[in-house]
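Asker: My structure is below; once you've seen it, I'll send some questions.
The values are calculated or read from the model by the stated rules, or taken from the named source; none is laboratory data. This structure is a prediction, so every number in the text was calculated from the model and none was measured. Here the Cβ is made from the backbone with ideal geometry for all residues, glycine too, and neighbour counts use every protein chain on show.
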Amino acid sequence: SFNALLKTLEEPPPHIKFLLATTDPQRLPVTILSRCLQFNLKRLPQTLIRDHLARILDQEGIDSEARALARIAKAADGSMRDALSLLDQAIAYGRGALREQEVAAMLGTIDTGFVFDLLDALARRDGAALLASGQRAAEQGSGFAELLDELVSVLHRIAVAQVVPGAGGDSVDDDQARIAALAQTFSREDVQLFYQIALMGRRDLPLAPDAHSGFEMILLRMLAFRPLPPEDGGRVSPRQEASAPPALRAERPTASREAAPAEASQAAAEDPRLPGADEWGRIVDGLGLSGMMREFASHCVLDSREGDRMRLVLDEAHAYLLNKQRERQLEKALKEYLSAAIKLEVVCGAARRDTPAREKVKAQEVREQRALEAIEQDAGIRILQETFNARIVPDTIRPVDECVGEK
């Protein structure tokens with residue numbers, strides 16, 4: 001058939017213009033494509049598809065629900081042709097009307113309400129409700145891969161709402177109020193973490209023994225890795241106490257810290273344990289921080305201290321680490337470690353001295369240089385170089401203590 005079409009295209013009648021449309025041009029022979037002027041059409045926005053379908057139904061006098069049209073517009077994936085085809089099917093399926101529940105059943109799509117139930121349970125840190133919401137979605141016949149896709153989509157909308165409040169107000173879904181509420185409930189870090197876990201879980205879902213258990217593990221991972229909120233009252237939680245170094249736990253006093261603000265300020269000013277500008281690295285090591293909090297503290301320098309007020313400067317190259325939550329957590333850790341009513345301020349700028357992170361890098365560079373010099377001065381190594389014309393690869397040399405235990 002393509003050969004017959006090719007002959008016609010080579011010698012077309014003067015009164016005929018051929019318009020060929022396909023969603024998969026790669027399947028057409030190169031001989032056909034080379035004789036055609038190609039136009040790659042863009043995907044239509046969902047709002048445009050929805051509005052066009054609404055106009056058609058209005059002219060035809062067919063009753064419809066806005067959310068039903070939104071589902072069809074989303075399922076069309078940018079194709080007006082597919083949207084019109086799905087619209088015909090939905091009208092027939094709904095016996096002359098479009099209802100969201102019937103359209104969702106016809107398309108086999110996920111009810112977004114299940115996703116919002118999951119996120120509400122995550123916001124409350126309620127593991128039982130989280131698993132129960134996933135179970136209800138499974139009982140309704142929702143596919144777990146599709147449920148994860150919808151979860152990723154909703155998390156994306158939440159992230160956009162956090163960065164640009166009010167964005168997506170013309171969304172085809174009528175869930176903007178719930179999106180805005182979740183954007184206020186979760187921190188930006190929480191949303192990015194959930195998005196990454198869901199995305200990676202979607203990829204690894206086929207590797208699970210079964211889809212249900214794999215989906216539950218993804219939800220539990222979100223719950224387990226969500227950072228705990230800062231605790232009030234200045235008290236050390238059992239979890240923080242257990243994770244602190246033994247020496248640090250021994251140094252923490254047990255006496256009451258409910259002194260008046262003036263007395264606390266005076267005690268802080270006289271406390272010899274309050275750090276000087278050159279002691280910040282020692283303080284960071286003693287705080288027992290880990291992960292991003294240690295990175296945050298290690299890229300700061302102590303700029304000034306007046307009484308109970310400490311001012312840190314975060315290296316401007318690592319400004320992305322600064323947020324109010326980390327600042328509060330670092331202030332709380334300093335209060336516990338120094339046993340003083342510290343008031344912390346962190347600003348971004350050019351550090352006037354090396355940060356603990358930079359000092360660590362410099363110390364490592366010195367150690368590696370000494371190791372390289374030791375290798376170069378070794379008599380046995382020199383014999384090997386002279387005998388076999390060998391050369392030393394500096395990047396492969398490490399201090400001996402870093403290689404202990406390696407085979």
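Asker: Hey, can you tell me all the residues within segment 117-133 that are part of a helix (DSSP H, G or I) and not aliphatic (A, V, I, L, M)? Before you say what the answer is, go through the steps one by one.
Answerer: Applying the first criterion (part of a helix (DSSP H, G or I)) to segment 117-133 yields 117-124, 127-133.
Listed by number, the residues that qualify are Asp117, Asp120, Arg124, Gly127, Ser133.
Asker: Would it be correct to say that Ala121 is surrounded by fewer than 18 Cβ atoms within 10 Å (Cβ to Cβ) and small (Gly, Ala, Ser)?
Answerer: Working: surrounded by fewer than 18 Cβ atoms within 10 Å (Cβ to Cβ): no; small (Gly, Ala, Ser): yes.
No, not satisfied.
Asker: In addition: Among residues belonging to segment 326-354 that are in contact (Cβ under 8 Å) with a residue 60 or more places away in the chain, within 30 Å of the chain's Cα centre (by Cα) and surrounded by 16 or more Cβ atoms within 10 Å (Cβ to Cβ), point out the one that is farthest from Arg294 (Cα to Cα).
Answerer: Taking segment 326-354 and keeping what is in contact (Cβ under 8 Å) with a residue 60 or more places away in the chain, we get 328-329, 332, 335-342, 353.
If we keep only those that are within 30 Å of the chain's Cα centre (by Cα) as well, we get 328-329, 332.
Subsequent filtering for residues that are surrounded by 16 or more Cβ atoms within 10 Å (Cβ to Cβ) retains 329, 332.
Working: Gln329: 11, Lys332: 14 Å.
It comes out as Lys332.
Quick grid of which residues meet (1) modelled with pLDDT of 90 or more; (2) in a helix (DSSP H, G or I):
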{"site": "Gly166", "(1), (2)": "no, no"}
{"site": "Val172", "(1), (2)": "no, no"}
{"site": "Arg178", "(1), (2)": "no, yes"}
{"site": "Ile197", "(1), (2)": "yes, yes"}
{"site": "Met217", "(1), (2)": "yes, yes"}
{"site": "Leu228", "(1), (2)": "no, no"}
{"site": "Asp232", "(1), (2)": "no, no"}
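Asker: Residues that are within 19 Å of Thr109 (Cβ to Cβ): find the helices (runs of 4 or more DSSP H) completely inside segment 18-80 holding 1 or more of those.
Answerer: Qualifying helices (runs of 4 or more DSSP H): 46-60, 66-75.
Asker: Let me ask another. From the list Ala371, Ala363, which one is over 34 Å from the mean Cα position of the chain (by Cα) and either assigned to a helix (DSSP H, G or I) or at pLDDT 85 or above (or both)? If you could, list the steps in order and put the result at the bottom.
Answerer: Working: Ala363 fails: over 34 Å from the mean Cα position of the chain (by Cα).
When all the criteria are applied, what remains is Ala371.
Asker: Here's a follow-up. Being surrounded by fewer than 17 Cβ atoms within 10 Å (Cβ to Cβ) and within 24 Å of Pro394 (Cβ to Cβ) is the requirement here; does Glu368 meet it?
Answerer: Details: surrounded by fewer than 17 Cβ atoms within 10 Å (Cβ to Cβ): yes; within 24 Å of Pro394 (Cβ to Cβ): yes.
Yes, satisfied.
Asker: Follow-up. Under the condition of being over 25 Å from Ser79 (Cα atoms) and touching a residue at least 24 places away in the same chain (Cβ under 8 Å), which residue from segment 1-34 is surrounded by the fewest Cβ atoms within 10 Å (Cβ to Cβ)?
Answerer: Top of the filtered list is Glu10.
Asker: In this structure, does Ala105 turn out to be more than 20 Å from Pro227 (Cα to Cα) and more than 25 Å from the chain's Cα centre (by Cα)?
Answerer: Working: more than 20 Å from Pro227 (Cα to Cα): yes; more than 25 Å from the chain's Cα centre (by Cα): yes.
Spelling it out, Ala105 is indeed more than 20 Å from Pro227 (Cα to Cα) and more than 25 Å from the chain's Cα centre (by Cα).
Asker: Go through segment 134-143 and report how many residues are in contact (Cβ under 8 Å) with a residue 12 or more places away in the chain and either in contact with a Pro (Cβ under 8 Å, 6 or more places away or on another chain) or outside any loop (DSSP other than H, G, I, E, B) (or both).
Answerer: Count: 4.
Asker: Out of all the residues in segment 35-48, which are basic (Lys, Arg) and loosely packed, with under 11 Cβ neighbours inside 10 Å?
Answerer: Applying the first criterion (basic (Lys, Arg)) to segment 35-48 yields 35, 42-43.
Correct list: Lys42 only.
Asker: Which one of the conditions (1) free of Cβ contacts under 8 Å to residues at least 12 places away in the same chain; (2) within 30 Å of Ser187 (Cα to Cα) does Ile383 fail to meet, given that it meets all the rest?
Answerer: Ile383 satisfies all of (1) free of Cβ contacts under 8 Å to residues at least 12 places away in the same chain; (2) within 30 Å of Ser187 (Cα to Cα) except (2).
Asker: Right, another one. Could you check segment 83-101 and list, in sequence order, the residues that are of a type in the set (D, E, K, R) and either in contact with a Cys (Cβ under 8 Å, 6 or more places away or on another chain) or within 30 Å of Ile218 (Cβ to Cβ) (or both)? Let's see the steps before the verdict.
Answerer: Taking segment 83-101 first, the residues of a type in the set (D, E, K, R) are 88, 95, 99-100.
Within segment 83-101, Glu100 is the sole residue that qualifies.
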